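Heads up, the thing below is written out as structure tokens.
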Amino acid sequence: MSASVTRCPGCGSSNIVDDDLYCQAQRVCVDCGSVVSEGVLTDDWTGDTEISYSRTTAVARKPCLNLIKGLQRVKAICRILRVNNEIENHSQTYYTQAYQHEAFIRVSLQKKEVLAGCCVLVSCRLLNWPVTMGTISCLLDADPVVVGAVYQEMIKILNIKAPVFIINDVIEAHSQEYKISSLHVPEELAENSRDLTKRAVALVELAADTWIVTGRHPTPIMMASIYLSWQSLKPNKHRLKLTLDKFCQMTKVNKLKPAMKRIAEMKEVLCKLGREIPWVREAVTPDNVMQQVEDILNYRFALLRRALRTHEETLQAESEASGEDSLPEEAASSQVAEHGEQNSNAPTAEEYELNAESAQRPRDGNDDPHTEPEGNTGGGESQAPAPNWGKRVLFAPPCVVHPKRRRVERPECKDVTGDEDISDSEIDSYIRTPREAREFAQAQKMLSESEKT
């Protein structure tokens, strides 16, 4: 670089300085900014200050607008759920990681909004905060199926091992969504939140013992348990005549269609156990079983054993009468494994208490609590060995009681080439019989006459 240049050739100014900002040294005019002279690039290090290109020209990458909106959405969901700062920070971190992954870059904005809710959900589950997927779906106003698909894809991409969901941990938080206090509904329909949650938890535990929870979505089960708990706490005419639709409208929650089936299944279980209560005079039906829920839940273990033992005795009596084997081995083993010691003749402390209380209450003269067999257990169909053992036991998983139809593999159709052999019978089927020939001739004659006229 020539150091003899003291004036700018453009403006004539003598205010010229050395600029070592770049790797190639230059002399620049301060007044007009013109480069007066510049050095020569060489491979040899000259001892000058080295400044990398990224430090001089690179600009810090700013997050895109959709990422900023997504983080704001995550923050808003956390504030609505009132989670702590740790969950909020985890949610934002997971959202940033998932958003920058190639699987979520070119997706719709709706899916990105669902992704924000899924990040909050997985953070709550990792830190033991009771939130259900149904709650997130309601906040996002999204389809639970879409939320579940995005959630599964996200934990797979980010390699997150979310803990197993337990329905009892979130039912208390779910019950808070029902506006059922005296401030929102009339006094005869109002209920204490703590009592409602306690009764709902007991019903869910009973449903789990009788396989109703297995393989089912948790939100409809919780809705059904809360509805039945609300009716059973004060089983008056105002509550019993209120349907699930009106109950959801009154409590300002969205009704779930599967909840009706769960209610029917829970009532069926309650009826089976209610029939084993010794001091109950009248027949227990789904219409009047709500009055017996408190006794059923208090003695549910003893009633479960009694109902299972009564069912086994009924099947055994029917099998002896028909000369067939009784309960299948695998069905009996599943029942014993689930409830334990069904055939034990020694009563437990709970059964002693149940018998003592039954002795104090009046009865209709029938001292045997096991005289009424179950009619819905399929015991009458035990004459023919059925492959579905779930219909012969008192309580069984839903996938066994109502199995899916398996597809039957049809034989592949062979390609028709036209060179196949034709049998004589097939050829005869193509030839008209004398009667068919006469009828055809008459039809032709009638058509020709009608055309002439």
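The values are calculated or read from the model by the stated rules, or taken from the named source; none is laboratory data. Because the structure is predicted, anything quoted here is derived from the model rather than measured. Here the Cβ is made from the backbone with ideal geometry for all residues, glycine too, and neighbour counts use every protein chain on show. Each accessible area value is taken on the protein alone, full model and side chains, heavy atoms only, with ligands, DNA and RNA left out. Shrake-Rupley method; radii C 1.70, N 1.55, O 1.52, S 1.80 Å.
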Review point. Does any residue of region 283-306 turn out to be of a type in the set (Phe, Trp, Tyr), in contact (Cβ under 8 Å) with a residue 60 or more places away in the chain, in contact with a helix residue (DSSP H, G or I) (Cβ under 9 Å, 6 or more places away or on another chain) and assigned to a loop (DSSP other than H, G, I, E, B)?
Key: no
Check your understanding: Can you name every residue in region 271-309 that is among the charged types (D, E, K, R) and more than 14 Å from Ser232 (Cα to Cα)?
Key -> Lys272, Arg275, Glu276, Arg281, Glu282, Arg300, Arg305, Arg306, Arg309
Check your understanding: Inside region 73-85, can you point out the residues that are surrounded by fewer than 12 Cβ atoms within 10 Å (Cβ to Cβ) and assigned to a helix (DSSP H, G or I)?
Key -> Arg79, Ile80, Asn85
Point to revise | Qualifying positions in region 431-453 - surrounded by fewer than 10 Cβ atoms within 10 Å (Cβ to Cβ) and charged (D, E, K, R) | key: Arg435, Glu449, Glu451, Lys452
Review point. Would a scan of region 100-110 turn up a residue that is outside any loop (DSSP other than H, G, I, E, B), closer than 13 Å to Leu67 by Cβ and either of a type in the set (Ser, Thr, Tyr) or within 22 Å of the chain's Cα centre (by Cα) (or both)?
Key: no
Point to revise | Lone qualifier among Arg392, Arg435, Arg406 - being out of contact with any helix residue (DSSP H, G or I) (no Cβ under 8 Å at 6 or more places or on another chain) and modelled with pLDDT under 80 | key: Arg406
Exercise for review: Quick one: Met250 ticks every box in (1) over 29 Å from Thr310 (Cα atoms); (2) among the hydrophobic types (A, V, I, L, M, F, W, C); (3) free of Cβ contacts under 8 Å to residues at least 40 places away in the same chain except a single one, so which number is it?
Suggested key: (3)
Exercise for review: Filter region 174-207 for residues that are acidic (Asp, Glu), within 24 Å of the chain's Cα centre (by Cα) and more than 29 Å from Leu303 (Cα to Cα) and give the result.
Suggested key: Glu177
Review point. Say we look at region 229-252 and pick out the residues that are open to solvent by 10 Å² or more (accessible area, probe 1.4 Å) and charged (D, E, K, R); which of these is farthest from Asp295 (Cα to Cα)?
Key: Lys252
